[in-house]
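Since the structure comes first, as structure tokens, the remarks are kept for the end.
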């Protein structure tokens, strides 16, 4: 039930937004996030963005994992 | 899809498998995941087959539908039978058998039961149907609780008088504590639920390593996320340095989500709660604060609830504590199947029995 997926915010009007994942768009409530802007990746659960995806952390993790894979 | 596909890298998974095997040196290690979404991902992606024989991953009480006791389901069913009531719920609850029937069977008998994607959809139904009492079944852990809270705040601000919730939200850390306290199952490390952690952060888990010398790793949900978290757990266990580590940093912040926690604090207060398999645990559930008590279906809608009965032979409670696997239950796969489930762990798409049945993991 705690399934939540990363999606890209494509529209924002106050606390209401439109997020896109795999070409599908759907409404999302943004009230739980501060400083969120169009183009950000957000984690959506039950119609709410519960966190902004930290793209820098994501890249760092991927880089570290790729390093691991070298050994 | 971006930020999903990258975490399915086979080469990384293979390397992590080798590392886990090398580091664990044949030592028997038991890890428990406490999240239904992890259960499904582990089975769907064949994680158990990637791990060496000495590393066992068992499921704990991480499926909200599964830990909801029969008494709560009976209450929802009783409410659904009242004239003028519309039950709204996440789809997982529909087929869960209560003492004698389920919501889906009641819908077949003309009860107004609707599946919603979000409690805010339930608020909309209440607005559009002022002649109905619309009740949302507040099932779920900390990931869902702030969203249920937001729906109550919306209903409050709109002055709605026909929106209610059946408060059954539960908290994960007390369940982990109860398992550690009982010592019934040997657990060397916990794979901690990523999206619960998005809300609560790291601190609420610190007792696991500080008081019980057991490690925990907050994990994401793609195969690489899970394998990496297991790899870190094995390292911590083998080096005897228990700690709580965040292995899902792209999504989980140490402090959690401040606004979400505030929404929960505004609406809910911590109370005792009954869990299937774990019994009544103090400070493990969320009740509604006085300011919002007019939205509490239990306190405001009179209904007779049938006497709660447990299903004969059902061992879901033991499965939820990790004491047995579904294969140890006589009903599993014989009378209890997804098309005719006896217990909730076979009903929910995130239930351990459903995962075993669907992915045919008959390895003991």
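The values are calculated or read from the model by the stated rules, or taken from the named source; none is laboratory data. The structure presented is a predicted model; accordingly, all values stated were derived computationally and were not measured. Note that we place each Cβ from the backbone using ideal geometry, even for glycine, and neighbour counts take in every protein chain shown.
Looking across region B:115-132, the residues that are surrounded by fewer than 14 Cβ atoms within 10 Å (Cβ to Cβ) and more than 11 Å from chain A (Cβ to nearest Cβ) come down to B:128, B:130, B:131. Evaluate region A:49-57: report whether one residue or more is surrounded by 14 or more Cβ atoms within 10 Å (Cβ to Cβ), facing chain B (nearest Cβ under 10 Å), within 30 Å of residue B:90 (Cβ to Cβ) and in contact with a helix residue (DSSP H, G or I) (Cβ under 6 Å, 6 or more places away or on another chain). There is at least one residue in region A:49-57 that is surrounded by 14 or more Cβ atoms within 10 Å (Cβ to Cβ), facing chain B (nearest Cβ under 10 Å), within 30 Å of residue B:90 (Cβ to Cβ) and in contact with a helix residue (DSSP H, G or I) (Cβ under 6 Å, 6 or more places away or on another chain).
Flag not set for residue A:28, criterion: in contact with a strand residue (DSSP E or B) (Cβ under 9 Å, 6 or more places away or on another chain), over 24 Å from residue B:262 (Cα atoms) and either at the interface with chain B (Cβ under 10 Å from one of its Cβ atoms) or surrounded by fewer than 21 Cβ atoms within 10 Å (Cβ to Cβ) (or both). Does residue B:20 satisfy the condition of being away from chain A (no Cβ under 14 Å), surrounded by 19 or more Cβ atoms within 10 Å (Cβ to Cβ) and either in contact with a helix residue (DSSP H, G or I) (Cβ under 7 Å, 6 or more places away or on another chain) or touching a residue at least 60 places away in the same chain (Cβ under 8 Å) (or both)? No; evaluated as a whole, the condition is false for this residue. Can you find a residue that is modelled with pLDDT under 95, in contact with a strand residue (DSSP E or B) (Cβ under 9 Å, 6 or more places away or on another chain) and more than 14 Å from chain A (Cβ to nearest Cβ) anywhere in region B:180-195? Scanning region B:180-195 turns up at least one residue that is modelled with pLDDT under 95, in contact with a strand residue (DSSP E or B) (Cβ under 9 Å, 6 or more places away or on another chain) and more than 14 Å from chain A (Cβ to nearest Cβ).
If you check residue B:97 against the conditions, is it buried (at least 19 other Cβ atoms within 10 Å of the Cβ), modelled with pLDDT under 95 and out of contact with any strand residue (DSSP E or B) (no Cβ under 6 Å at 6 or more places or on another chain)?
yes
Picking from A:43, A:5, which residue would you name as being in contact with a strand residue (DSSP E or B) (Cβ under 9 Å, 6 or more places away or on another chain), facing another protein chain (nearest Cβ under 7 Å) and under 24 Å from residue B:38 (Cα atoms)? Of the residues listed, the single one that is in contact with a strand residue (DSSP E or B) (Cβ under 9 Å, 6 or more places away or on another chain), facing another protein chain (nearest Cβ under 7 Å) and under 24 Å from residue B:38 (Cα atoms) is A:43. Of the residues screened, residue B:57 is one that is in contact with a helix residue (DSSP H, G or I) (Cβ under 7 Å, 6 or more places away or on another chain), away from every other protein chain (no Cβ under 12 Å), outside any helix (DSSP H, G or I) and under 30 Å from residue B:228 (Cβ atoms). One residue stands out among those in region B:1-17 that are out of contact with any strand residue (DSSP E or B) (no Cβ under 8 Å at 6 or more places or on another chain) and exposed (fewer than 14 other Cβ atoms within 10 Å of the Cβ): the one that is nearest to the other protein chains (Cβ to nearest Cβ), which is B:11. Taken over region B:224-279, the residue count meeting the criterion of being in contact with a helix residue (DSSP H, G or I) (Cβ under 7 Å, 6 or more places away or on another chain), more than 10 Å from chain A (Cβ to nearest Cβ) and in a helix (DSSP H, G or I) is 8.
Scanning region B:310-346 for residues being out of contact with any helix residue (DSSP H, G or I) (no Cβ under 7 Å at 6 or more places or on another chain), touching a residue at least 40 places away in the same chain (Cβ under 8 Å) and under 23 Å from residue B:80 (Cβ atoms) gives a total of 2.
Within the bounds of region B:326-341, is there any residue that is farther than 29 Å from residue B:81 by Cβ and touching a strand residue (DSSP E or B) at 6+ places or on another chain (Cβ under 7 Å)? For region B:326-341, residues farther than 29 Å from residue B:81 by Cβ and touching a strand residue (DSSP E or B) at 6+ places or on another chain (Cβ under 7 Å): present. In summary, residue B:146 fulfils each of the numbered conditions (1) surrounded by 24 or more Cβ atoms within 10 Å (Cβ to Cβ); (2) within 30 Å of residue B:241 (Cβ to Cβ) with the single exception of condition (2).
Looking at residue A:63, is it in a helix (DSSP H, G or I), surrounded by fewer than 14 Cβ atoms within 10 Å (Cβ to Cβ) and free of Cβ contacts under 8 Å to residues at least 12 places away in the same chain? The answer is yes for residue A:63.
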